[in-house]
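Some notes on the structure that comes next.
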């Protein structure tokens, strides 16, 4: 959200007002701009699209916001696969609404990233060419209906944990997009948990299906928070910029502590023999995450990487005629209106 | 790679959340024309009855003040504290004024 058009120096608005535009700051002013930026960071203030910002800040945000947007769009696939097989009309309606939300979240985020001067096409091209990353979690398959519930409960639960601090991000458009997204994510998590509760009150086979889904997803969900703090070299800079408020391990710990009691109410076990309450630290200890698997998935070798990207690229090209037709229709309407006016 | 989306102009979306309140900027989107922009704004920004009325405006039609002109543009109001009611002290016995 919040347009990039306001950032383009050649914008008609600037010609009209004669106001000089940001972006092309004379060298002498760069130091002053940097000082202003640093002071804003110190005061935990906000940066808006037109404001001066260091190139590295802009680049980091474009990368993070576009990756986030890609994750929302790719994330429509694993659940979308179950829309036609949802067990009731009620669950089908809920799932359609949820998948539509994910599409909407992608749109909020692409718009936020566009305010930084990167076009929608550049971002989509990077995704389609395999140059841009998205959350590794969406490269795992959804084998049963219980997976849909577990995605809501655990995957969206982890996403919320990660996204709530981003509502306070120093970059205004990103923070505003995140506030909107977080409001909607709560429905996602609760519908998933309630879906699982319903299954756990069902037959032994249904209960086993839930436990199996939890077993398959648990470790991948923990890995969603990213590499351990000791292996996250960019954390210090992102923290300084107010883009990252809580470290990967910090968020992971919060998630584990929040999830354990939820699993108990649900009646499932979490597949980690080392998971236990630690009285000294007043939090849960948990086992070691398989980072080799995480990196293999991030680097394109997860179970569904090729399928997800292939589906995305195909949808884009299959939809080309719709975009062309919409443009042609708009052009003809415009021409007709001008002819009538003449 | 195709670049079709660049041909879809950008629109700013303003939503009136309920009757009696002003339209408020809530985001932007790409659409071929005003009618499509309205429909998309409905789908993207009001899926949960967040609005009763939507405006869409071509982003290129917006004229914005620039941050580097902030001082000369807005500071003149800074020293005119006599424009605020709190500038004037009134005896207590007058009561609310």
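The values are calculated or read from the model by the stated rules, or taken from the named source; none is laboratory data. Only a predicted model underlies this, so the values are computations on that prediction, with no experimental measurement involved. Here Cβ is always computed from backbone atoms with ideal geometry, including for glycine, and neighbour counts include all displayed protein chains.
Summary table
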quantity	calculated
Single unsatisfied condition, residue B:39 versus (1) in contact with a helix residue (DSSP H, G or I) (Cβ under 9 Å, 6 or more places away or on another chain); (2) closer than 15 Å to residue A:326 by Cβ; (3) surrounded by fewer than 16 Cβ atoms within 10 Å (Cβ to Cβ)	(1)
Count - residues of segment A:121-163 that are surrounded by 23 or more Cβ atoms within 10 Å (Cβ to Cβ) and farther than 23 Å from residue A:226 by Cβ	4
Selection within segment B:12-52 - assigned to a loop (DSSP other than H, G, I, E, B), more than 7 Å from chain A (Cβ to nearest Cβ) and within 21 Å of residue A:102 (Cα to Cα)	B:31, B:46, B:48, B:49, B:50, B:51
Looking only at segment A:315-324, and only at residues there that are surrounded by 11 or more Cβ atoms within 10 Å (Cβ to Cβ) and without any contact (Cβ under 8 Å) to a residue 24 or more places away in the chain, the one that is farthest from the other protein chains (Cβ to nearest Cβ)	A:315
Residue in segment A:275-306 that is nearest to the chain's Cα centre (by Cα), counting only those that are in contact (Cβ under 8 Å) with a residue 60 or more places away in the chain and over 16 Å from residue A:140 (Cα atoms)	A:289
Hey, residue B:9 touching a strand residue (DSSP E or B) at 6+ places or on another chain (Cβ under 9 Å), surrounded by 10 or more Cβ atoms within 10 Å (Cβ to Cβ), facing chain A (nearest Cβ under 10 Å) and at pLDDT 95 or above or not	no
Any hit, segment A:217-240, residues being modelled with pLDDT under 95, closer than 30 Å to residue B:25 by Cα and touching a helix residue (DSSP H, G or I) at 6+ places or on another chain (Cβ under 9 Å)	yes
Enumeration of residues in segment A:108-120 that are surrounded by fewer than 24 Cβ atoms within 10 Å (Cβ to Cβ) and within 10 Å of chain B (Cβ to nearest Cβ)	A:119, A:120
